[in-house]
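Below is one structure; the comments refer to it alone.
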Ligand code: ZN
């Protein structure tokens with residue numbers, strides 16, 4: 001599936017450090033294992049309705065920072081992201097609003113692309129819609145049935161059985177176990193399963209935590225013919241299959257919001273281990289939740305602040321990015337409308353400073369491309385600012401410290417150099433040159 005336009009990402013002199021990241025599975029900070037100079041990243045995408053609120057933006061900006069830091073360290077990154085374009089919440093919204101679910105998914109996915117372009121997020125290598133891999137998911141479910149990792153549960157009102165993953169069989173047959181990734185206690189797992197799309201009370205299941213792999217066809221719901229009967233994919237298996245198809249195994253980093261720690265990532269990992277026999281991911285990274293008006297920003301509460309609405313209201317998308325980056329990605333934080341005012345003030349200071357840089361004869365030439373090393377002939381050595389930014393971001397993507405490093409550099413009275421501006425563009429995703437970005441030129445999709 002089409003992703004979105006790539007922002008300008010200049011190549012910087014020297015090489016950055018490999019980043020340390022907090023690993024949910026171990027509770028420790030460490031460098032994800034880079035194999036032969038390559039890294040793979042899977043970040044769970046949106047369910048395309050109510051896109052893109054600041055909670056989403058915070059997640060995709062955090063992993064965009066990881067992509068930028070890895071790239072600066074010379075790592076060849078392959079990045080996959082899905083869009084869950086058929087799922088219960090999407091279908092419920094489509095029914096409630098009288099819109100065809102396919103139209104709702106397509107329009108919200110377009111809006112998401114436009115938001116990612118505005119925020120200068122580097123697009124994933126593979127952007128995959130679940131509806132494009134339904135048959136592949138069914139084949140994976142068939143393999144799990146064959147290996148004894150899954151079982152059928154008869155469905156009232158449907159001729160087709162549902163298929164569930166057998167958690168206890170996975171614990172018996174593989175080195176995966178409940179808690180491997182989440183480190184949660186059984187009571188919390190049961191609660192999260194009920195709150196986050198699971199069905200612990202479903203009759204006929206072997207274990208309450210067993211997740212759905214395949215939902216047999218129901219009247220009035222979309223379904224596809226498949227080797228395991230007509231129906232549609234469960235939630236966790238879709239990510240496992242897309243990751244398996246697009247990325248080397250194990251995934252270097254599996255990422256998403258902290259509400260995906262359990263059951264989504266725990267079960268995606270279980271499915272992956274049952275399918276391949278190997279570990280699913282080297283490191284699991286999670287972003288904090290964003291609140292607004294005292295409550296976690298959520299579709300159900302309706303307290304969403306959306307990127308597209310901020311931009312339509314006249315906000316500079318770079319200021320939105322700065323406002324989000326002022327919070328550490330792992331913290332839970334609350335958005336205040338004043339955050340945007342503060343970020344716009346910061347952006348104005350940075351832009352005034354950028355005007356002190358000498359003119360760039362190559363500014364037009366490297367527009368929308370990665371400039372080769374040597375394209376900045378005059379100042380091809382790391383500056384103090386570049387060194388500070390690299391150090392902050394390698395330390396668990398500490399964007400608040402990185403922003404403060406720029407503030408301090410400017411306050412010291414130093415004129416901007418082209419390396420400084422390239423560093424801010426490449427590592428923080430904030431282009432101070434004011435060139436006509438591809439994202440600004442492609443508003444039609446919104
Ligand atoms: Zn996922």
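Remarks
- The helix-based estimate of mean residue ellipticity at 222 nm for the chain, built from -39,500 (n - 2.57) per DSSP H run of four or more residues and divided by its residue count, is -12000 deg cm²/dmol to the nearest 500.
- Protection proxy ranking for 152-163, 112-123, using the average of other Cβ atoms within 10 Å per residue and placing the highest first: 112-123, 152-163.
- Region 195-224 and region 88-161 have Cα centres lying 14 Å from one another.
- Relative compactness, region 74-229, computed as alpha-carbon Rg over 2.2 N^0.38 Å: 1.20
- Helix 88-97 and the longest principal axis of the Cα set of the chain meet at an angle near 80°.
- Take every DSSP beta bridge whose two residues both sit in region 21-291; close to 40 percent of them are antiparallel.
- Restricting attention to region 76-225, close to 60% of DSSP beta bridges with both partner residues there are antiparallel.
- Computed FRET value (nearest 0.05) for residue 348 with residue 300, which takes r as the C-beta separation and R₀ as 45 Å: 0.75
- On Cα atoms only, tilt of 134-146 relative to the major axis of the chain in degrees: 50 degrees
- Rounded tilt (10° steps) of 54-72 against the dominant C-alpha axis of the chain: 60 degrees
- Relative pair counts by distance (%), Cα atoms of region 26-79, 10 Å bins: 20, 44, 28, 8
- Cβ-based exposure ranking for 356, 252, 383, in which fewest neighbours within 10 Å come first: 356, 383, 252
- If you take the Cα centroid of region 292-306 and the Cα centroid of region 1-25, the two points sit 29 Å apart.
- Kirkwood hydrodynamic radius of region 13-123, Cα pairs, Å: 15.8 Å
- Taking the Kirkwood radius as Rh and the Cα radius of gyration as Rg, region 21-291 has a ratio of Rg/Rh equal to 0.95.
Computed from the coordinates by the stated procedures, all read-outs in this text should not be read as laboratory data. As the structure is a computational prediction, the values presented were derived from the model and not from experiment. Every residue, glycine among them, receives a Cβ derived from its backbone with ideal geometry; neighbour counts consider all protein chains shown.
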